[in-house]
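The values are calculated or read from the model by the stated rules, or taken from the named source; none is laboratory data. Keep in mind the model is a prediction, meaning the values are calculated, not measured. Note that each Cβ is placed from the backbone with ideal geometry, even for glycine, and that neighbours are counted across all protein chains shown.
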Amino acid sequence: MNRTLLSFAAALAAFSLGAPVSAGAVAPSANVAAAFGNTVVSIDPDGRSRKIWLRPDGSWTGLSRRGLDLAGKWTAKDGKVCMSQSKPRLFGSLCQVFPTDPQTGIETRDPTGTPIRLKLVKGHIEKYPA
């Protein structure tokens, strides 16, 4: 997998929820409902970030570290959000823990083991920090 695709995959792995959802339906939990209309930011150690916007219909859009458009679908499974990416196309889905406190975010790791910080930021922002 090339570095750019790995970067996209890392962004996908950076998000999850607190409540499972049945197949074919997206029922907002308290955690995911807080993300609707807001921005989930994945911050790398070098300060660059990815932005993801979840929609209640199970779709998401975003911007990569390089400002490229991202899009896909999300579902909840076993207390995590699993995101698949269709723009640019990546196969499979990746799941990770979602931050439960928008004020502090969480420290976690991407699939390559690189430490990342996840934050929930109010509003639809395209530049971080705003």
Pairs needed: first member in region 53-68, under 13 Å from Thr39 (Cβ atoms); second member anywhere, part of a strand (DSSP E or B) and of a type in the set (Ser, Thr, Tyr); C-beta distance under 7 Å; at least 6 residues apart or different chains.
Trp53/Thr39; Trp53/Thr61
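Got a sec? Which of Ser59, Ser64, Ser84 is more than 20 Å from Glu126 (Cα to Cα) and at pLDDT 90 or above?
After applying the criteria, what remains is Ser84.
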Index of the failed condition, Val97 passing every other in (1) closer than 23 Å to Gly67 by Cβ; (2) under 14 Å from the mean Cα position of the chain (by Cα):
(1)
